[in-house]
Amino acid sequence: MRLRGAVYLWLLAAIPACSGDPEDDDTADDDAADDDAADDDVASTLTLSDSQNYDFEGTLDIRPYDLADGSDPLFDWSGLDTDLQGHPLDPVTDVDQVTIVVFRYLSEGEVEEKLSSNTLEQVDVGLFASVDPGDATSVRLSELTLMGNDIDVEQYFVEGYGTWLVSLATGSTPGVGTRMAAFARPLPSEAETTLTFAADSTVLDFTVDLASLDPLPAPAGVEELTVDWSGVGTDGLGNAFQADSIDRVMVGQYTSLAPADLEEQFLDLEILADSLWRLDVSGGTEAALGQAAGDAPFPGFDSAGTWVLALQCTTCANPAPPFLTLVEAQHAAAGEQEGAEVSPVPR
Amino acid sequence: MSESRTPPLRKPRPQPPRRRPKATARAGSTAALLAALFAAGCGKPPGAEDPDDDTTPPDDDTAPGDDDAAPGVSVSATVSPVIPTVVTAEVSVDGGSAQQAWIEIGPDEGYGRTVPLDVSGPAPWSTWILGLKPSRTWHLRAVAVVEGEERASADQVVETGSPPGTLAGLGLSGSDPAAAHEGFIVTSFMGEPSTAVILDRDAEPVWWYGPGGTELISRAVPSRDGRSILFIRGVLEVPDQAIVRVSFDGADVEATPTPGAHHDFVELPGGTYAALVTDPREVEGKTVDGDRIVEFGPGGEQTAIWSVWDTFEFSEASDHLAGTTWSHANALDYDEDEDAYSVSLLGLDAIVRVDRATGESFRIVGGRLSDFATPGGETRLFENQHQFEIDGDVLRVFDNGTPSSLDSRAREYLLDDSTGTADLVWSYGATPPLYCYNLGDVFRMEDGHTLVNFGVLGQLDEVDEDGEVLWRINLDLGAAFGYTTYLESLP
């Protein structure tokens with residue numbers, strides 16, 4: 001039952017923090033991390049706090065398409081060449097999954113709002129179905145199935161059943177890679193039976209504030225750093241921070257980009273990084289950055305460019321990192337013991 | 001791991017009869033299973049809550065070292081690296097024997113919960129401590145009656161770990177959660193990855209295990225011996241299904257191949273499993289998948305008990321879903337007293353009783369061949385149903401309904417075998433109505449409350465007789481509930 005693929009929806013691709021391939025990364029050994037933290041007195045601990053977290057505000061404008069009630073509509077993306085992030089899209093090779101999600105009791109506006117605020121629950125999803133279109137650039141609603149089971153989904157396509165969200169995704173990894181979405185509205189008065197995706201079918205508008213956060217101080221050049229997020233209470237969207245949801249830690253270095261540049265190009269955060277390290281975690285509230293995987297071993301922070309540290313939830317409906325901060329490398333003064341406990345210092 | 005030893009307390013507590021914890025099962029067949037499960041012992045150790053107890057540990061005279069001549073009690077406590085809410089406690093005493101012993105554990109040194117130890121064998125004695133909430137600090141000590149004296153180890157501290165980030169989050173609501181059950185729910189979170197889970201009354205996961213990947217887990221249930229969780233994994237399209245046995249501490253994992261098995265299974269006495277298995281037949285030159293009940297013995301032997309082809313006639317017009325069997329068996333139960341199976345056939349809107357010894361079907365409830373009808377003569381008692389429970393003449397069933405009704409409900413019928421009447425005596429559906437097009441089950445608890453599981457919608461309600469929702473869990477987006485089993489306590 002591929003529930004996640006169907007219900008995690010398209011937003012998962014909207015934020016670059018979730019665009020990476022989890023299989024590219026080494027999985028952290030939490031026990032090892034714990035051991036490192038507990039047994040190694042010289043290991044530094046970077047204790048994260050709410051004041052260090054960024055602010056993310058995103059709004060979604062999903063275009064509704066009026067279609068004939070009771071029809072078997074065609075979803076056509078043959079002319080789509082740009083995704084909702086504004087990135088180029090090949091309609092043949094980049095769309096690997098078409099998904100329908102029906103929200104029985106939510107209006108289109110509520111769906112947009114709940115997607116933006118990450119407050120959807122499974123019970124909101126009244127129906128979902130999906131299909132791999134192969135090389136086709138259009139599919140009919142009736143081609144979509146529930147986990148491979150033909151449930152005659154088109155029989156539900158009547159006015160009043162709910163809000164229909166159609167999405168296109170790259171890749172078969174559940175919940176990852178959605179490129180475009182639209183609302184399909186069954187109306188008795190409408191004769192149209194084709195929904196033609198366009199570049200503005202979904203518009204993602206967002207604001208990222210990296211300027212107001214207190215940067216995270218970290219000892220320069222220390223590879224074996226433990227990140228501790230047990231003290232974080234609020235995520236970047238303003239919701240209660242769910243520590244258990246964190247499944248990846250990301251560190252990026254941007255040698256020529258300032259924080260203001262990253263705010264502007266937030267959707268390309270992982271693409272723009274000159275160096276990137278990822279560490280998958282499972283449970284717990286700590287991770288050892290020395291175990292993060294990248295093109296080279298994590299060398300520790302330095303003063304070159306801008307450093308970003310993010311805690312990600314790759315299975316959340318809204319993949320905006322629950323925590324993201326800027327890191328300031330701190331060079332130890334003479335006589336200071338390298339690797340001593342570092343406390344957050346508000347800027 | 002930590003270890004401690006302390007000198008004796010005072011005289012031993014009186015020993016009332018050993019209390020057998022109550023167990024409630026999802027159906028008659030599993031009642032025996034759970035009774036066996038709880039026979040392993042849980043709840044208070046002998047005399048642990050004697051109100052007249054004058055053996056309360058004294059404050060000062062029990063400090064380690066007060067009585068070097070008395071035998072000491074030592075305990076080591078280890079958190080499972082696989083399932084970090086499970087603690088293994090190992091206890092020994094100087095001299096190697098004790099009349100009785102138990103573990104006391106709680107969030108502080110007041111403890112509050114006791115876990116008995118079986119001291120009939122040679123020391124050290126060990127036990128699992130289950131049901132601990134994740135991400136907490138726990139205090140525990142061992143208490144043993146040695147040479148007529150009750151003695152306790154020093155306090156130990158362990159920390160339980162947190163669930164994986166991939167485990168779906170959930171929210172708890174309801175009008176009166178405090179009035180809801182105090183037990184545990186064994187279920188699965190179906191999604192990617194699927195995970196077998198035990199939830200406590202606060203909706204916190206106190207046990208979890210997932211094989212990872214895209215394998216589905218539809219049914220997770222405690223084993224008869226009370227030492228494992230069993231679950232069925234696999235997808236219909238790939239014939240490598242198996243029933244997996246995972247010890248509560250996660251140290252032992254054993255898979256029994258059950259090719260073709262899907263949806264549901266039961267464990268029989270003696271280590272045999274019975275499962276719903278696809279049964280392909282040639283029909284006018286085409287292969288059509290039906291269903292059968294197959295037993296998988298401990299030695300790998302397979303015994304076919306009954307096939308849907310034996311009782312029902314296939315029709316091309318059968319309204320079944322592509323990719324599934326035409327009969328779409330989706331729930332299996334076993335009544336040990338009658339040595340009979342019951343199986344739900346979604347594709348036929350029927351629940352059928354099957355005599356295990358003869359393989360003959362009888363007592364068909366619902367559908368065109370129903371032996372029962374409403375007082376108005378209607379034999380379609382439910383549509384696209386999933387799990388059910390049979391309690392004597394009472395049938396409770398999760399009636400998924402149809403795209404026309406858009407209203408999934410738990411229904412309770414009183415069946416009269418003499419008249420063939422099925423009286424609808426109770427039902428519950430959510431407000432506003434929910435259409436649960438996949439999965440779903442119902443379970444009546446001893447206090448009259450009912451657990452209604454809207455499977456694919458990730459909602460689990462506990463309702464009273466009037467249908468008031470006392471307790472509700474909603475899973476976060478991306479996960480559904482598999483079948484559920486309610487336990488009043490854990491081993």
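The values are calculated or read from the model by the stated rules, or taken from the named source; none is laboratory data. All values derive from a computational prediction rather than experimental measurement. Glycine gets a Cβ as well: all are built from the backbone with ideal geometry, and neighbour counts include every protein chain shown. Areas reflect the complete protein model, heavy atoms only, side chains present, ligands, DNA and RNA absent. Shrake-Rupley method; radii C 1.70, N 1.55, O 1.52, S 1.80 Å.
Annotation for region B:283-365: GluC sites (Glu not before Pro) lying in DSSP loop with at most 14 further Cβ atoms inside 10 Å of their Cβ are B:E284, B:E301, B:E313, B:E316, B:E338, B:E360.
For B:G234, the amide hydrogen comes within under 5 Å of the amide hydrogens of B:L216, counting only partners 5 or more places away or on other chains and with H modelled in the peptide plane. Among the residues of region B:380-416, those with an accessible-area drop of 30 Å² or more from chain alone to full protein complex, heavy atoms and 1.4 Å probe, are B:P403, B:L406. Considering all different alpha carbon pairs of region B:270-407, the Kirkwood hydrodynamic radius works out to 15.6 Å. The calculated FRET efficiency for A:Q242 paired with B:D252, based on their beta-carbon distance and R0 = 25 Å, is about 0.20.
Taking a spot 7 Å from the Cα of A:L187 along the direction of its beta carbon, which residues of region A:46-77 have an amide N less than 20 Å from it? What the label zone holds, given the 20 Å backbone N cut-off, is A:61-76. Averaging Cα coordinates gives a centre for region A:64-98 and one for region A:187-221; these two points are 17 Å apart. Per-residue packing, averaged as other Cβ atoms within 10 Å, sorts the ranges B:150-160, A:245-255, A:63-73 into the order A:245-255, B:150-160, A:63-73, beginning with the highest.
Backbone geometry of region B:242-252 corresponds, through the Karplus equation with coefficients 6.51, -1.76 and 1.60 at θ = phi - 60°, to 3J(HN,Hα) couplings of 7, 9, 10, 10, 10, 4, 4, 8, x, 6, 10 Hz, x marking Gly and Pro.
Contact residues in region B:176-192 by the 20 Å² criterion (accessible area, 1.4 Å probe, full protein complex versus chain alone): B:M190, B:E192. The distance between label points at B:T137 and A:D209 comes to 3.6 nm (points 7 Å beyond Cα on the Cα→Cβ vector). Summing +1 for each Lys or Arg and -1 for each Asp or Glu among the other residues whose beta-carbon sits under 11 angstrom from that of B:A410 gives -1. Given R0 = 56 Å, the distance between the Cβ atoms of A:E223 and A:A198 translates into a calculated FRET efficiency of 0.70. Would you pull out the residues with amide H under 5 Å of A:R179's amide H, same chain only if 5 or more places away, H placed 1.01 Å from N? Under 5 Å from the amide H of A:R179 lie the amide H atoms of A:L168, A:A169, A:T170, each far enough along the sequence or on another chain. If you take all C-alpha pairs in region B:170-487, what percent of them are over 28 Å apart? When all Cα pairs of region B:170-487 are counted, 37 percent exceed 28 Å.
For region A:240-287, pairs of C-alpha atoms spaced more than 13 angstrom apart make up 63 percent of the total. Anisotropy class assigned to region B:368-408 is oblate, per the alpha carbon gyration tensor with a/c at or over the 1.5 cut-off and a/b no larger than b/c. A simple spin-label model places pseudo-atoms 7 Å from Cα toward Cβ; at B:A373 and B:V425 they are separated by 2.2 nm. Ordering A:159-167, A:91-99 by mean Cβ neighbour count within 10 Å, with the highest value first, yields A:159-167, A:91-99. Chain A packed on chain B takes about 3000 Å² of accessible surface away from a 1.4 Å probe, both sides summed. Here region A:58-205 is assigned +1 on the Cβ of each Lys and Arg and -1 on the Cβ of each Asp and Glu. Its dipole about the Cα centre then comes out at about 220 debye. Comparing the full protein assembly with the isolated chain (1.4 Å probe, heavy atoms, ligands and nucleic acids excluded), the residues of region B:458-491 losing at least 50 square angstrom of accessible area are B:L477, B:G478. For region B:219-268, GluC sites (Glu not before Pro) are listed when DSSP marks them as loop and at most 11 other Cβ atoms sit within 10 Å of their Cβ; the list is B:E237.
For region A:243-258, backbone phi angles converted through the Karplus equation (6.51, -1.76, 1.60; θ = phi - 60°) give residue-by-residue couplings of 4, 5, 7, 6, 10, 7, 10, 10, 10, x, 10, 10, 6, 10, 10, 8 Hz, Gly and Pro being listed as x. Cα convex hull, region B:181-307: 126 Å³ per residue, rounded to a whole number. With the cut-off at 1.5 for a/c, could you classify region A:58-205 from its C-alpha gyration tensor as rounded, prolate or oblate? Here region A:58-205 falls in the rounded category. Computed over protein heavy atoms with a 1.4 Å probe, the accessible surface of region B:170-487 works out to 35 Å² per residue. Extension gain for the segment B:L172 to B:E468, taken as residue separation times 0.36 nm less the Cα-Cα distance, is 105.0 nm to one decimal. Computed from point charges on the beta carbon alone (+1 for Lys and Arg, -1 for Asp and Glu), the dipole magnitude for region B:170-487 about its Cα centre is near 700 Debye.
For region A:188-261, with all protein chains in place and a probe radius of 1.4 Å, 46% of the accessible heavy-atom surface sits on carbon or sulfur. Region B:382-396 and region B:351-369 have their alpha-carbon centroids 13 Å apart. Computed from label points 7 Å out along Cα-Cβ, the spacing between A:A260 and A:H87 is 2.7 nm. Each of A:L144, A:I271, A:A198 was placed along the dipole of region A:141-272 (beta-carbon charges, centred on the mean Cα), and the one lying farthest toward the positive end is A:L144. Taking the Cβ-Cβ separation of B:D337 and A:H331 as r and a Förster radius of 56 Å, what is the calculated FRET efficiency to the nearest 0.05? It comes to 0.15.
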